[in-house]
1. Please pick out the residue among ASP156, ASP166 that is surrounded by fewer than 16 Cβ atoms within 10 Å (Cβ to Cβ) and either closer than 17 Å to LYS31 by Cα or touching a strand residue (DSSP E or B) at 6+ places or on another chain (Cβ under 6 Å) (or both).
2. Looking at (1) touching a residue at least 12 places away in the same chain (Cβ under 8 Å); (2) part of a loop (DSSP other than H, G, I, E, B); (3) of a type outside the set (Phe, Trp, Tyr); (4) on the phi > 0 side of the Ramachandran plot, which is the one condition that is false for GLU196?
3. Checking the condition part of a loop (DSSP other than H, G, I, E, B), at negative phi, modelled with pLDDT under 75 and surrounded by 12 or more Cβ atoms within 10 Å (Cβ to Cβ), which residue from ALA392, ALA396, ALA407 passes?
4. When you look at PRO109, is it at pLDDT below 50 and exposed (fewer than 15 other Cβ atoms within 10 Å of the Cβ), yes or no?
5. Can you name the residue in the stretch 497-527 that is in contact with a helix residue (DSSP H, G or I) (Cβ under 7 Å, 6 or more places away or on another chain) and closer than 21 Å to ALA593 by Cα and is also modelled with the lowest pLDDT among such residues?
6. Check off (1) in contact (Cβ under 8 Å) with a residue 24 or more places away in the chain; (2) in a helix (DSSP H, G or I); (3) of a type in the set (Ser, Thr, Tyr) for TYR144 and give me the number that stays unchecked.
7. When you look at GLU601, is it under 14 Å from GLN536 (Cα atoms) and either in the same structural domain as GLN533 (by TED's automatic domain parsing) or touching a residue at least 60 places away in the same chain (Cβ under 8 Å) (or both), yes or no?
8. Give me the residue from the stretch 495-527 that is part of a loop (DSSP other than H, G, I, E, B) and of a type in the set (Val, Ile, Thr) and, out of that set, farthest from LYS453 (Cα to Cα).
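The values are calculated or read from the model by the stated rules, or taken from the named source; none is laboratory data. Note that this is a predicted model, so its numbers are computed, not measured. For neighbour counting, all protein chains shown are included, and Cβ atoms are generated from backbone atoms with ideal geometry for every residue, glycine included.
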Amino acid sequence: MRIKKEPSNVWAEYQRGINYNQSIGLYETVKQNNNFYNDKQWEGVNAPDLDKPVFNFLKPVVSYYVAMLISDDVAVNVELGNETETGAWRPQAGGLYGADERLSVGELPVPYGAGASMMAERDVVPKVIAQEVDNIIEQTNLKYKNRRAIRNCAVDGDACMYLWFDPDAETGFAHTGTIRADVLDNTNVLFGNPTEENVQEQPYVLLAYRRLTEDVRDEAEANGFPRESVTPDNEDYYTNTEYDGDNDYTTVILKMWKEKGSVRTLKCTRDAPVKEETDTEYKLYPLAWMSWESVKNSYHGVSPITGKIPNQIFVNKIYAMAQRQVQDSAFPKVIYDKNKIARWDPSPGKAVGVVGDPTTALFAGFRPPEMSADPVNMAEVTVQQTRNMMGASDAALGNVKPDNTSAIIAVQKAAGMPLDIQKMDFYNFVEACVRIFLEIMRVNYGVRYVTLKDPDGNDIRGEFDFSLLGDYALSLKIDIGAGSYWSELMQVQTLDNLMSNQIIPDAVTYLEAIPEGYIKNKNRIIERIKEQQQIQEMMQSQAAMPPQIEGQEKPILPGIEEQGGPETQGGGLTADEVNGIISELVQMEDDEAVETVNAMEISEEDKAGLIEALAVAKGEGNAG
């Protein structure tokens, strides 16, 4: 397909997209849906004498949809493909972390490949990607923007996320540039093939922006184009700009297309270029798209509230007329004889003059027939049935008396099942965003410093060349629906259950599996436990040795007279056991050695003897 790049030709493509949207009534539908969602439900109604109440039952349903779809956390699990199948692995000269082949493990520089703290490339790459994706999600505030996107999807019918790289953004590190995320309205996105909903299969994509004319002129001038070529226009397909009559606006079109496997872009207005053609080197369009309910042969979806607006109008009309009936007939009307009372004065306590018999001048307490309850009952039934059909029953919304909690939870889970289709679509939407993150990282990040943790829990900081991401076969898994299974809190709870059920064999295995940050000095505690285990193993091996030969010299613990037979000293420890323990304790700090002795399962007498013997041994060492 020949790609048109002149501003006039791009504008003609833009007009074709506008015509398609108008043919399916997109602009009117989006405007009406947003009005009804935002309580503007009487727009265009000419009834000045009628009160216009709004009983908006559509908005709570949309809020319920948004809450259900984004209630789970976003977790990214990255795996590398099978190297024997893809051949995507290639060793890097100078090591993975830079040409100097050195890393910083804690405070100590360690040569590349030396020590158990170094991680293999197969372990490093997934960790770097997962960590950087988490950073991008936090920096772009993606979780909040996902809520906005899902709200747009439920109200407008479609959600769109545009991702781009800002090279001038400060990051707080030596490198600059970060990824940005923009939530776009479906009215601002025009596909080259409107019958295909897959973004990556499009011949081209147009993104339309309604911007202040002066801002567009500044951008054009910065890119080397004359600013006077940018002029205001009168486009009216975008909300809110029509209410601002004091500023000039110009529609800017960003066109993206693929050429030789790479995404190219240009930016222009109706008559003038704003930014010249650029090769982004991305293999994917930086655009994620989601429709609430797909429509055959159309890239635009259908909102769940579009078909329920007539029900909302009916409910509002019923309540409006019911209110008018109450105002007209709820209170008694005063009826008087005008032949006897010229004018009725409702002032309290004021005398009223009559001509003739005053008992026949006034008839009070007249009440018209009461309104039937059928209209209000019908309105309530309409609201209830509409909510049920939309999958948002009272139980799902929590509008029930909690007599049976288990039953309510079961009903709420069952009520959320109709949203499983949209939930899967949302997972695919987020996965598309993450894959675009990887493309932008591969092209724009270059070499950056990253900090990881090795298997021993030490921080490793080094350089990582993100341009090599294209050489790896990545198996990307976006765990969202099961995101709770990836949460650290859930992992800790699972480990607690495994430990209490004795499925985990020992404390060291349990602590090594605990996520970082939950236990202070976790590595130090693991070292202490391992040392204690070594001492206990040594004591058990010493106890299994044959008894000491009678007459053999053996040390006497200071301050304790010899007790027991030839195998014991100071209680229950043999001489060999004492020598072995002291040889281990003298290598520790004083406080650490005392803690180790106190943790041993021996008598208090043996503990006191060991501490005294340790003091003597350390004193002799210092004296020597």
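1. ASP166
2. (4)
3. Just a single option satisfies the conditions, and that option is ALA392.
4. Here the answer is yes, as PRO109 does meet what is asked.
5. Applying the filter and picking the extreme gives LYS522.
6. The failed condition is (1).
7. Against the criterion (under 14 Å from GLN536 (Cα atoms) and either in the same structural domain as GLN533 (by TED's automatic domain parsing) or touching a residue at least 60 places away in the same chain (Cβ under 8 Å) (or both)), GLU601 qualifies.
8. Checked the stretch 495-527; the qualifying residue farthest from LYS453 (Cα to Cα) is ILE503.
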